[in-house]
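The values are calculated or read from the model by the stated rules, or taken from the named source; none is laboratory data. All figures in this text were calculated on a predicted structure; none of them were measured in a lab. Positions of Cβ are backbone-derived with ideal geometry, glycine not excepted, and every protein chain shown enters the neighbour counts. These accessible areas exclude ligands, DNA and RNA; they are computed on the full protein's heavy atoms, side chains included. Shrake-Rupley method; radii C 1.70, N 1.55, O 1.52, S 1.80 Å.
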Amino acid sequence: EGIVRYTLVITSKAGATNVSYEGIRCSSAEKKLYATGKPDGSWSSSRRDAWSPIWDVGANRQHAALVKDYFCEGTAVAGKAEAIIERLRRQKPLK
């Protein structure tokens, strides 16, 4: 289906942590939130079921960075899950 699903953990400088389970569709450069993590380790399903465009502007550009640098080559997924995970671990972007 051309969708990369992943868990995103973002920690602020102050120590606040946000956890989300998301998907990125390379063919249309869109993202979708499936669930958010709760402090007790459980998940809360997203109430929004729509895909939304990914914008490469502002402070919250993590989705654009994932699309351009790790997940997608043009409109296709950039390899198998193992290759994507390895790029992320080694911080070796596609370009």
> Between residues in the range 19-33 that are within 12 Å of GLU1 (Cβ to Cβ) and open to solvent by less than 60 Å² (accessible area, probe 1.4 Å) and residues that are hydroxyl-bearing (Ser, Thr, Tyr) and outside any strand (DSSP E or B), which pairs lie under 7 Å by C-beta distance while being six or more apart or on different chains?
Replying inline: CYS26/THR75
> In this structure, does SER27 turn out to be outside any strand (DSSP E or B) and modelled with pLDDT of 95 or more?
Replying inline: yes
> Does any residue of the range 34-52 turn out to be within 15 Å of ARG5 (Cα to Cα), in contact with a helix residue (DSSP H, G or I) (Cβ under 7 Å, 6 or more places away or on another chain) and surrounded by 12 or more Cβ atoms within 10 Å (Cβ to Cβ)?
Replying inline: no
> How about the range 74-90: which of its residues are part of a loop (DSSP other than H, G, I, E, B) and at negative phi?
Replying inline: THR75, ALA78, LYS80
> Of all residues in the range 74-95, which are free of Cβ contacts under 8 Å to residues at least 24 places away in the same chain, over 17 Å from LEU8 (Cβ atoms) and of a type in the set (D, E, K, R)?
Replying inline: LYS80, GLU82, GLU86, ARG90, LYS92
>> Would you confirm whether or not the range 86-95 contains a residue that is within 18 Å of ARG25 (Cβ to Cβ) and in contact with an Asp or Glu (Cβ under 8 Å, 6 or more places away or on another chain)?
In response: yes
> On the given criteria, is ARG61 without any contact (Cβ under 8 Å) to a residue 12 or more places away in the chain, surrounded by 12 or more Cβ atoms within 10 Å (Cβ to Cβ) and basic (Lys, Arg)?
Replying inline: yes
> How many residues does the range 1-17 hold that are surrounded by 11 or more Cβ atoms within 10 Å (Cβ to Cβ) and within 13 Å of the chain's Cα centre (by Cα)?
Replying inline: 7
